[in-house]
Amino acid sequence: MLTGVGLGPGDPELLTIKAVRMLQDAEVVYVPGGLARRLVEPYCAPIELPFPMSYDEGMIRAQIIRNAEKIAEDAREKNVVFGIIGDPNIFSTFTRLVVIFKERFPEVKISTVPGISSITALMSETGLPITGGFFVTDGSEIKSQIRMKVRRPRELAMDLKEEGYTRFALVEKMYMDGMQKITGDDLPEESSYFSLLYAERD
């Protein structure tokens, strides 16, 4: 079992209660660098792995494969946590690691625990709240979007299909009583105010 755990934007007080519990309960904890190591050291004895910052994609992939091989040795039998700055699913080294695991170690179950991302932290530091639609990019092509407060998900998905979106996931009442997760095209006509729709295109 391998769990990517978000450690927040760098402030040790912005680790979630769940992140701390996961770090304390893990049999092995890996981190990708010194900042992550310093955040988790109060709760565990992490193993730091090298993840190079480079434009050489071949070199980066080769290193990630070596790291995945090492992690997989533990994750096949043990409860392993990979602590990552920010959120493990947003512009994250962990997502690249997961690609390798799916290719080479598909038997290892993988999950994630969200963390406070730099995106939300930015608004606190600047004092500029977001009150309308916005987009975030690392400079690459826009391939996905998230819609909030989706009351008519099937209708919205049909509109997005005309823009080339083909994959959808709806989460209603996330972390609340009555939470539902629906993926694919079989979306309901109506959903709660507390609904988010993820849409992705090739």
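Summing Lys and Arg as +1 and Asp and Glu as -1 over all other residues whose Cβ lies under 15 Å from the Cβ of Glu27 gives a net charge of +1. At a probe radius of 1.4 angstrom, the accessible area of the stretch 10-54 per residue rounds to 57 square angstrom. For Ala169 and Glu27, the difference between the fully extended length at 0.36 nm per residue and the C-alpha to C-alpha distance is 47.9 nm.
Helix 93-104 axis versus longest C-alpha principal axis of the chain: approximately 80°, rounded to the nearest ten. Taking Lys and Arg as +1 and Asp and Glu as -1, the other residues whose beta-carbon sits under 13 Å from that of Ile65 total +3.
Ignoring lysines fewer than eight residues from Lys78 along the same chain, the ones with Cα atoms less than 22 angstrom from its Cα are Lys18, Lys70, Lys102, Lys109. The alpha carbon radius of gyration of the stretch 62-133, expressed as a multiple of 2.2 N^0.38 Å, is 1.40.
Looking at the chain alone, DSSP beta bridges between its own residues are antiparallel in about 55 percent of cases.
Were the residues from Glu77 through Leu122 laid out at 0.36 nm apart, the gain over their Cα-Cα distance would be 12.4 nm. With both labels modelled 7 Å from their Cα along Cα-to-Cβ, the Ile130 to Glu13 distance reads 2.4 nm. Compactness of the stretch 95-202, taken as the C-alpha radius of gyration over 2.2 N^0.38 Å, stands at 1.23.
Rg and Dmax, both from the Cα atoms of the stretch 1-75 and both in Å, are 13.1, 37. Just the protein heavy atoms count here, and of the accessible area of the stretch 1-149 at 1.4 Å, carbon and sulfur take up 55 percent. Between Met179 and Val20, the modelled labels are 2.1 nm apart [label points 7 Å from Cα along Cα→Cβ].
Explain nothing, just the number: relative contact order of the chain, from Cα pairs under 8 Å at least 6 residues apart, as a whole percent. After rounding, I find 22 percent.
Choose one answer from Gln180, Gln145, Gln63: the residue with the largest mean-square fluctuation in a GNM of the chain with alpha-carbon springs under 10 Å. Greatest mean-square fluctuation among the candidates belongs to Gln180.
Estimated at 0.36 nm per residue, the fully extended path between Arg96 and Tyr55 surpasses their Cα-Cα distance by 13.3 nm. Among the chymotrypsin sites (Phe, Trp or Tyr not before Pro) within the stretch 154-184, those in coil by DSSP and having at most 16 neighbouring Cβ atoms inside 10 Å are Tyr175.
For the peptides 48-57, 6-15, the ranking by packing is 6-15, 48-57, with the highest mean count of neighbouring Cβ atoms within 10 Å listed first.
Among Thr95, Thr3, the order of accessible area from largest down is Thr95, Thr3, computed with a 1.4 Å probe on protein heavy atoms. Applying both filters, DSSP loop and at most 16 other Cβ atoms within 10 Å, to the trypsin sites (Lys or Arg not before Pro) of the stretch 80-141 gives Lys109. Kirkwood analysis of the Cα pair distances in the stretch 141-197 returns a hydrodynamic radius of 11.5 Å. FRET efficiency for the Met158 to Glu103 pair, using the beta carbon distance and R₀ = 25 Å, is estimated at 0.15.
Projected label points at Arg151 and Ser192, each 7 Å from Cα along the beta carbon direction, are separated by 1.7 nanometres.
The values are calculated or read from the model by the stated rules, or taken from the named source; none is laboratory data. Everything numeric in this text was worked out from a predicted model, so none of it was measured. We place every Cβ from the backbone using ideal geometry, glycine too, and count neighbours over all the protein chains shown. Heads up: the accessible areas ignore ligands, DNA and RNA and are worked out on the full protein's heavy atoms, side chains in. Shrake-Rupley method; radii C 1.70, N 1.55, O 1.52, S 1.80 Å.
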